[in-house]
Amino acid sequence: MNRQTKPLKPYHGLIVLILTAVCIFLIGPVLSNYMGLYGTLISELLMLAGAVGCTFLFRGNPKYVFPIHKPTPHGLFGTFLFWMGTIGIAMVFTVVLACFFPDEIMGTSAGLSYTFLSVPVLVAVLIVSITPAFCEEAVFRGIVFNSFWPIGNKWIVIVLTGCIFGAFHGSIWRFFPTAILGMAMAYLLAETGNMVYNIMFHAINNLLPLVLMFGMQWLMDGLYQVAGSAAYSQTGSYSFSYNLASAGIYVAMTGIALVLIYAGNFLIHMGRKGYEGKMFGGHRKKHLYILIGAAVGLFVLGCFLVIASAAAGAFGRMIYY
């Protein structure tokens, strides 16, 4: 992404972060207590107004701070694949945390679910998926990202803004998964110079829990029954094999996620100089071999854990009976 003619300074981003923190941690909770999820909507709009207002106040160029361009079909599809791969990695971190802190992780998820279900589905989509995709991106991948861009190292800015994004979600249990997603969205902006892609990424990611809650409640009920049965009704050996199988599935998913990230990354760069040619050719062969090795290794390890869990469960039943 090209730098601004008159780039914002890092202290501009810090000022916006302070204002955003006031909206999220002070104004937002007060509004939510009185208005529920509608208070969150007002808080998000205040964040957007602050980002746009500060851009003009700091004499930044809105075309560079909020770069919106016509997306390409392969760019949109690549963004979707990139999201699928990234959410797979983030889910692995969530599962690992849940193994050590189950009550905290489940408590956070349950609280969010209760909030989402307090309004009609279309309103929830607007407030939870669409509005944050525009408002939060304007703050974190808009003015904050651009103000830190003069640091000069792309990866420092990507990691830094991703970690800030994770921290602003206000939960230590959500920090790592959310920071990973924030880094992915910052990478999309840095590589494409088009906020349409990270806005789409953000909207799809926030839409996922709504789909699971509103459109697939029957499936979630079934999963809770299975989980409850495994946790309370079965033997200790069965519980161990159940956890081992879950770990194996997510390890295998990580291998698949790496392939999706590679494919998505190729598509968002398609047509740009240095990325012409075949997906599996040219100077990307070395990276591809490393990717294939890691993906296959993780997938095989995941399958091995699932098989081992089945063997452990069978052995446990033999002893139990």
> Residues in region 4-15: is at least one among the hydroxyl-bearing types (Ser, Thr, Tyr), surrounded by fewer than 19 Cβ atoms within 10 Å (Cβ to Cβ) and either in contact with a Phe, Trp or Tyr (Cβ under 7 Å, 6 or more places away or on another chain) or assigned to a helix (DSSP H, G or I) (or both)?
Replying inline: yes
> Taking Thr115, is it touching a helix residue (DSSP H, G or I) at 6+ places or on another chain (Cβ under 7 Å) and either modelled with pLDDT of 95 or more or of a type in the set (A, V, I, L, M) (or both)?
Replying inline: no
>> If I ask for residues that are over 22 Å from Ser129 (Cα atoms), touching a Ser or Thr at 6+ places or on another chain (Cβ under 9 Å) and crowded, with 18+ Cβ neighbours inside 10 Å, which ones from region 18-61 would you list?
In response: Phe58, Gly60
>> Whether any residue in region 49-59 is under 26 Å from Phe176 (Cα atoms), modelled with pLDDT of 90 or more and either in the same structural domain as Met183 (by TED's automatic domain parsing) or of a type in the set (A, V, I, L, M) (or both) is what I want to check.
In response: yes
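Condition (residue is modelled with pLDDT under 85 and over 22 Å from Thr178 (Cβ atoms)) applied to region 120-127: is it met by at least one residue?
Taking region 120-127 first, the residues modelled with pLDDT under 85 are 120-121.
Within this subset, residues satisfying the condition of being over 22 Å from Thr178 (Cβ atoms) are 120-121.
Yes, there is a match, as at least one residue in region 120-127 is modelled with pLDDT under 85 and over 22 Å from Thr178 (Cβ atoms).
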>> What are the pairs with Cβ atoms under 7 angstrom where one residue, in region 39-56, is over 14 Å from Leu8 (Cα atoms) and free of Cβ contacts under 8 Å to residues at least 40 places away in the same chain and the other, located anywhere, is of a type outside the set (Gly, Ala, Ser) and in a helix (DSSP H, G or I)? Sequence gap at least six, or different chains.
In response: Gly39/Leu31; Ile42/Leu31; Ser43/Cys23; Ser43/Ile24; Ser43/Ile27; Ser43/Leu31; Leu46/Cys23; Leu46/Ile27
>> Being modelled with pLDDT under 65 and either within 24 Å of the chain's Cα centre (by Cα) or not assigned by TED's automatic domain parsing to the domain that holds Trp155 (or both) is true for just one of Met216, Met185, Met270, Met253. Which residue is that?
In response: Met216
> Going through region 62-81 one residue at a time, which ones are assigned to a loop (DSSP other than H, G, I, E, B) and crowded, with 16+ Cβ neighbours inside 10 Å?
Replying inline: Phe66, Pro67, Pro71, Thr72
>> Consider region 82-93. How many of its residues are surrounded by fewer than 20 Cβ atoms within 10 Å (Cβ to Cβ) and under 10 Å from Ala263 (Cβ atoms)?
In response: 1
>> With the requirement that a residue be of a type in the set (Phe, Trp, Tyr), surrounded by fewer than 20 Cβ atoms within 10 Å (Cβ to Cβ) and not in a loop (DSSP other than H, G, I, E, B), what does region 152-202 give you?
In response: Trp155, Phe175, Phe176
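The values are calculated or read from the model by the stated rules, or taken from the named source; none is laboratory data. This one's a predicted model, so the numbers in the text were calculated from it and none came from an experiment. Quick reminder, even Gly has a Cβ in these numbers, built from the backbone with ideal geometry, and neighbours come from all protein chains shown.
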